[in-house]
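Q: Mind looking over this structure? Questions follow.
The values are calculated or read from the model by the stated rules, or taken from the named source; none is laboratory data. Everything numeric in this text was worked out from a predicted model, so none of it was measured. So basically every Cβ, Gly included, is an ideal-geometry build from the backbone, and we count neighbours across all protein chains shown.
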Amino acid sequence: MSVQLQIPDTVAQAIRLPEERLVRELLVELAIALYAQEFLSFGKARELAGLEKYEFGRLLGDRGIARHYGWEELEDDLAYARGE
């Protein structure tokens with residue numbers, strides 16, 4: 001499944017970002033918000049953001065967002081440790 005979001009032109013133009021960075025930055029912000037509200041796991045949020053594990057973790061820390069660590073995160077970490 002793929003989801004597309006429609007942002008009105010007036011809103012997109014009001015966002016103070018260069019056009020070439022707009023989609024990327026919005027995906028990062030969406031990933032952070034969904035993670036902070038516990039709608040996405042760390043692994044899925046960083047996947048949405050397109051960031052490596054360390055980068056996403058650091059970004060959360062910079063924003064004062066605590067890591068949620070549950071079974072899914074443990075499984076992600078174990079898979080990473082196994083090289084999967």
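Q: Among what's in segment 15-38 and is among the hydrophobic types (A, V, I, L, M, F, W, C) and modelled with pLDDT under 95, pick the residue that is nearest to the chain's Cα centre (by Cα).
A: Selected residue: 23.
Q: Within segment 59-68, how many residues turn out to be over 15 Å from residue 29 (Cβ atoms) and either touching a residue at least 24 places away in the same chain (Cβ under 8 Å) or among the charged types (D, E, K, R) (or both)?
A: 2
Residue-wise test of (1) more than 27 Å from residue 5 (Cα to Cα); (2) surrounded by 14 or more Cβ atoms within 10 Å (Cβ to Cβ); (3) touching a residue at least 40 places away in the same chain (Cβ under 8 Å); (4) not basic (Lys, Arg).
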{"position": "37", "(1), (2), (3), (4)": "no, no, no, yes"}
{"position": "41", "(1), (2), (3), (4)": "no, yes, no, yes"}
{"position": "54", "(1), (2), (3), (4)": "yes, no, no, yes"}
{"position": "57", "(1), (2), (3), (4)": "no, yes, no, yes"}
{"position": "77", "(1), (2), (3), (4)": "yes, yes, no, yes"}
{"position": "80", "(1), (2), (3), (4)": "yes, no, no, yes"}
{"position": "83", "(1), (2), (3), (4)": "yes, no, no, yes"}
